[in-house]
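Everything on this sheet refers to the single structure shown next.
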Amino acid sequence: MQKQLFNYKKKLTKKKLDSKSKVADNNKVNELTGSEWKFSTKSVISKAYPVNLQHKLRSEHGGQKPPDLCLDLIKIFTKKNNLVLDPLMGVGGTLIGASLCNRKAVGIELNNKWINIYKKVCKLEKIKAEQTYHGNAKEVLEKNIKNNSIDFILTDVPYWNVDQLKKTRSKKATISKLSKFNKSNSLSKEDWLLDMKEIFQKCFKKLKNKKYMGVFIGDIYRDKHYHILSADLANSISTIEGFNLKANLIWFDQSKSLHVYGYPYSFVPSMIHQNVLIFKKEIDED
Ligand SMILES: C[S@@+](CC[C@H](N)C(=O)[O-])C[C@H]1O[C@@H](n2cnc3c(N)ncnc32)[C@H](O)[C@@H]1O
């Protein structure tokens, strides 16, 4: 009896250990082991990402994301050889991240300068350059990307009204580095949200059913108001039927330095985080 109990306990422990250290045979989402899966569901990403992969060259953009952060996100939502799309690719944080973990990728970018920097980085780092398209995502998605062909979308939106960034200390209007990629500075927030929704509607068609999309979006403080742009954008994308919001991951960007905003008169936040909105395509298939 005691031996039976011992064997039963041993079996249970083995099962527990296996599920922690093995990729489950029926894992439909990724290739993470049980313990990696558990770690990946944390709602705050606090890992410090290296300043690598031609960071100086890529930082000409101003809105570039660490490829290693993209890699970590891509691994949560894909398997090897899956196809990842970034319709607003910039200098290719997503594309580089995908290559580094043996996923295929495709990127779209309005400004050829950023595509050229991406290609140069690939050459210098001896990384295979992925397929890129120069043009407006709305048109390229329609023309060049097949419906239901994408396993994961990871992208990063151009900001609304970012050019009007004001320094509360000096009261001087300054042109942000980000303005280089924002051609829509005369748009209202509502128009910007509609513009973004149009792109995501097209993305939705390209994504396979039951697959995910991650969208980087920072909140902003402008004209004495805090704008939860992530919530605005999440609500806008959620109006696309079948695109369901599943999470808001907070990326604590350890590379951001603190500034003295508002001192000594009022509290103005120093933004050291960005949101990564996670959506899933869920439609009934007959
Ligand atoms: C926030 S940046 C992306 C940065 C990127 N994650 C990286 O690591 O470099 C957004 C990019 O979208 C591009 N963009 C804006 N509107 C676009 C559109 N309609 N079609 C294609 N690209 C667009 C901008 O030129 C900009 O480079």
Per-residue HN-Hα couplings for the range 59-71, Karplus 6.51 cos²θ - 1.76 cosθ + 1.60 at θ = phi - 60°, whole Hz, x for Gly and Pro? 6, 4, 6, x, x, 5, 10, x, x, 5, 5, 4, 4
Gain in span if fully extended, Ser21 to Ile228, counting 0.36 nm per residue against the direct Cα distance: 70.7 nm
Pairs of Cα atoms under 8 Å, at least six residues apart: use those to get the relative contact order of the range 188-284, whole percent. 39
Given +1 on the Cβ of Lys and Arg, -1 on the Cβ of Asp and Glu, and no further charges, what dipole in debye does the range 40-81 carry about its Cα centre, rounded to the nearest 20? 180
Calculated FRET efficiency, Glu31 and Ser149, Cβ-Cβ r, R0 30 Å, to nearest 0.05? 0.90
Using the Karplus curve 6.51 cos²θ - 1.76 cosθ + 1.60 with θ = phi - 60°, work out ³J(HN,Hα) for each residue of the range 49-58 in order, rounded to whole Hz, and write x for Gly and Pro. 9, x, 8, 9, 6, 6, 4, 4, 5, 5
Size of charge dipole - the range 44-281 - debye, nearest 20, with Cβ of Lys, Arg +1 and Asp, Glu -1, no other charges: 580
Determine ³J(HN,Hα), in whole Hz, for all residues of the range 104-117 in sequence, where each value follows from phi through the Karplus function 6.51 cos²θ - 1.76 cosθ + 1.60 and θ = phi - 60°; x replaces Gly and Pro. 8, 8, 9, x, 10, 8, 6, 9, 4, 4, 6, 5, 5, 5
With DSSP loop assignment and no more than 10 other C-beta atoms within 10 Å, the chymotrypsin sites (Phe, Trp or Tyr not before Pro) in the range 241-286 are Tyr265, Phe267
Which far-off residues, 5 or more places away or on another chain, put their amide H under 5 Å from the one on Gln64, with H placed in the peptide plane? none
Viscosity 0.692 mPa s, temperature 37 °C: give me the Stokes-Einstein translational D for the range 44-281 in µm²/s, with Rh taken as the Kirkwood radius over C-alpha pairs. 180
Quick one: which residues, 5+ away or cross-chain, put their amide H under 5 Å from the amide H of Asp253? H built at 1.01 Å from N. His273, Gln274
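Full-extension gain between Lys205 and Lys42, please, as 0.36 nm times their residue separation minus the C-alpha to C-alpha distance.
Additional length available on full extension: 55.8 nm.
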For Thr132, enumerate residues with amide H under 5 Å from its amide H, sequence gap 5+ or separate chain, H modeled in the peptide plane. Gly107
What ranking of His134, His225 emerges when the number of other C-beta atoms within 10 Å of each C-beta is taken as an exposure proxy, fewest first? His225, His134
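Read-outs throughout are calculated quantities, based only on the coordinates presented, and are distinct from any laboratory measurement. Everything quoted here is computed from the prediction, not taken from an experiment. Heads up, the Cβs are rebuilt from the backbone with ideal geometry, glycines too, and the neighbour counts pull from every protein chain shown.
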